[in-house]
Each structure stands twice: as C-alpha cells, then as structure tokens.
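First the structure, in the form of structure tokens, and then the observations on it.
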Amino acid sequence: MSKPLIAIVGRPNVGKSALFNRLARKRIALVEDFEGTTRDRLYTDIDIWGRACTLIDTGGFDNKDKEGYTPAILASTQLAIEQADVIIFLTDGREEPTTLDFEIADVLRKTRKPVIVAANKLDARHMKSANHYALRLGEVVEMSAMGGLGVAELTEKIEEVLPPPEEDEDTGENIKIALVGRPNVGKSQLTNTILGYERSIVSPVPGTTRDAIDTYLSWNETPLMLIDTAGMRRKSRVKKDETSVEYHMVLRSLRAIDRADVIILLIEAGGVTDQDTKIAGYAHEAGKPMLIAVNKWDLIEKPTTLEKRTPAQKDFEANLKNYLPFVSYAPVHFLSGLNNWGVEELVDDAIAIKPNAELRITTGQLNDIIRRAVAEHPIPSVKGRPVKLRYATQFGVNPPSIAVFVNQPDLLHFSYVRRLENVIRAKFPFRGVPLKIEVRKSNPRDEKWEKHD
C-alpha cells in the first residue's frame, strides 16, 4: 500500500525547510535566513498520528524569476503539487499576504486537493497572523516551525484530510512484484517478456520509463501485479534541466518498493555499481523479500543449463557478495530478458519466496536452536564481563523480526548477531527475505532460558 504524499509549498523564505525538519523530527533540510536555500527536492517518511506518510520539501515558488535554478525548482514544485494527496501552503504569518501568495493560492485552488494554510513564524502565543483568510483557502493554522508552537494542531489538520487507506484492486490476492534498478538495465524489456506483449516502451536511451507502471497478469494460475519502475540514477548524473522530472521518477520508484510484496533487483551482467548497492540498500531497509536478477547474461556467455553454475557465474556471485554482503540472503538468477532465457525460473522463484516473509517460529523452537548455537560457540566476554543470552522470541513478520534478550546488549558484537542469523537461516526457510534481529536488555530476574511452545 502506497503512503499518502504531503507536499509543503510556498514562496521563498517562509520556513518550508524548518517545517520539514520539524515534522520529520530530525534535521534533514538546510535552513538559512535567505531565499533559495532549498534547490533539490527532499523527501522523508513521517508518522501522522499513527499513519505512515511521505513528506516533500519543495523549493521556493516564484514564477517571475526566469534565471538560474528557478525554472527547474518551479517545475519540480508544480509536479509535487500534482502528485500530492495533501498540500501544506506555508506563509509568513507576520506579514500581509503578498501578490505571490495570492498567485500560489490560485494555483492550489485549481487542484481541488486538500490545502492547509499554515501561517508560520508566529513564535509567541500572543502573536496573531495577518489577514491570511484573504487567500480564500479556508481556516488558517497559526504556528512556528522553529519553536514548535501550533505544530500539533497542524498535524491534526493533516490527519483530518488524509485520504482513507487504499484498498488494493487485487483485494490482497495479487502478489506485487516490483522490478527496480538503475537506468537501461532492461526492466521494461523484462516486463514485456514476462507479459508476452509490448507493455512498456523499450529504448537504449536511459530514462525512457518515467513512471511506475502496474500490470495485472496470471502466472500459472497465480495472480500477479507487475510493477515496472523508472531507473534510479546517481544524483551527480542528473542534469540541471532534468532535475524536476528525475526527482519524481526516483520518488515513484521508491514508493513502488514500499507497496511491493517482492523486489527483483536488476543488475547488468557487466558488473555491480555503487548505485546498485544504494538501490539494494533501500529495498533491504524496507524489509522486502528480494531476488537479484543479473540481466543480459547472453552478452557474457551462451545460455546454458540453469541447474549448474558456470565458472563465470560463480565469479560474478562472489563479486556480488563483496558489493552486497547485506543482501546475501537474496537468490541470484542469471537471465536474458531479451531472449527469454531464465525468465520463467525468476518469476517462479519470486512467487516462491513471498510466503517466507510471513513465516513465524515458536519461541520454543527458536530458543532450542539458539541455545545449541551458544553451547557450540560461547559468546566472548568483554574485559572480563560475561555476556549472557537469556532468551529469544519472534515479535513480527514482513520482515520476520526476532528479539534477543541479553544481560549486556552493548557488549554483544555484531559479528555474533550475524552468526545467530546464519544459524536461524540454516534451520528455518527464510530464503530471500531480510531477517531483523534486535538485541534487547533482559530482565535481571531471567536467570534461565524461557521455554514456550
């Protein structure tokens, strides 16, 4: 399920970045007391009274300035307005609305989307905003992004106008598979090959696909939704005149990852890049089941049997482990989307690993496995201080999440946690899914392993 998108818009220097940081609860956007500080679009996930949302900070809206970065900033802001589910129109509450404020209000009124007017920079409770009701956009929330006054009232307003949670067209029956990767690795060609017809435009020019394209199909009687995403390029490769479009291409791709059940990360047979690592990292952090598809393998060697790895494939997999050690759980497939070699096995495996993300282990089974692992390889003491693992329990799925209770959590080395993960994976079918292990402080009274069935 995709997250509602909330865009902060307004003229330059009204405090959009300060409000972005306040709602994000961390300093992400650069805040300075002069116009034009924000050029690139920023986004982050936030929580609005228990509802996960995506927040966008836009550049200053000024349709008069035609120089420098302004045209790209304006285009990006307009795209943000088009995509947003809720718009926060931020003004300077200490001043009367300007001509530019009225022009922005006219633009927002035409969108027919929920717009919340927030009069900012009212740093004390006795301060009242100027006549911002003249903007004819309804009630005005008086607030201070820097001081925090009125922010709770703003979030309550946002909650009131958020769209209801989307009901998926497939009512939960379709398995949603997202194809992600950098530009020109063959995502659209692979989509067409899976579907058996030309659904996506295929071109050697990077960036041909500019949106996430959803297609429903039946695969051996299994209902699927295939999501072909735009290629995600490195920021340094994005040209200034493409900034607005490129940013939103990446945003849509990241949102596609959020709503997918399974991720297929496409990598070119030529080798792994830093951008591949970043995309894999986002999918991993999202907790999604993942497969790695090494596409265009026909350019390396002729198609061969899929049961046995060739020396070239073994070398490539070894290189993958060096670049992507944090997704070593992801099965690797070698294929040619163009020639339809290895594609059927890839889709079959994507369907097969999806249930692994919902697997639950009883506490008794889990503790039995971990107890044996600790007996075979005791936890090293740190400066004479013993580290005792009391018990473990699974507390969540999608991704499977396990809490390990230790007397001294700070002293348990991450390498030992990784050893425990390997032991659990060797016993239980968590193939293709990330396994989240949290080390927590145990209760001092827990002198023995807890046993549960």
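Overview of values
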| item | result |
| --- | --- |
| Gain on full stretching of the segment that runs from Tyr323 to Arg372 - 0.36 nm per residue minus C-alpha separation | 14.5 nm |
| Segment 253-337: trypsin sites (Lys or Arg not before Pro) falling in loop per DSSP and having at most 14 other Cβ within 10 Å | Lys308 |
| Calculated FRET value between Lys388 and Thr98, using beta carbons and R₀ = 45 Å, to 0.05 | 0.10 |
| Per-pair calculated FRET efficiency, R0 = 60 Å: Arg136 and Ile351 via Cβ, rounded to 0.05 | 0.70 |
| Sequence ranges 139-148, 123-132, 218-227, ranked by mean other-Cβ count within 10 angstrom, highest first | 139-148, 218-227, 123-132 |
| Karplus 3J(HN,Hα) series, Hz, for segment 17-26 with 6.51 cos²θ - 1.76 cosθ + 1.60 (x for Gly, Pro) | 5, 5, 5, 4, 5, 5, 5, 7, 6, 7 |
| Restricting segment 291-379 to chymotrypsin sites (Phe, Trp or Tyr not before Pro) in coil, as DSSP defines it, with at most 12 other Cβ within 10 Å | none |
| Interchain or long-range residues, amide H under 5 Å from Ala130's placed H | Glu95 |
| Burial ranking of peptide ranges 110-117, 157-164 (average Cβ count within 10 Å, highest at the top) | 110-117, 157-164 |
| Net charge, Ser328 excluded, C-beta distance under 13 Å - Lys, Arg +1, Asp, Glu -1 | +2 |
| 3J(HN,Hα) from dihedral phi, segment 389-403, Karplus parametrisation 6.51/-1.76/1.60, rounded to Hz, x for glycine, proline | 8, 7, 6, 9, 8, 8, 10, x, 10, 6, x, x, 10, 10, 9 |
| Members of Lys16/Lys278; Lys321/Lys441; Lys128/Lys157; Lys3/Lys157; Lys288/Lys441 lying beyond 23 Å, as alpha-carbon distances in this model show | Lys16/Lys278; Lys321/Lys441; Lys288/Lys441 |
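No value in this document is a laboratory result; all are computed from the given coordinates. Small disclaimer: the values here were computed from a predicted structure and weren't measured. Note: ideal-geometry Cβ built from the backbone for every residue, glycine included; neighbour counts use all protein chains shown.
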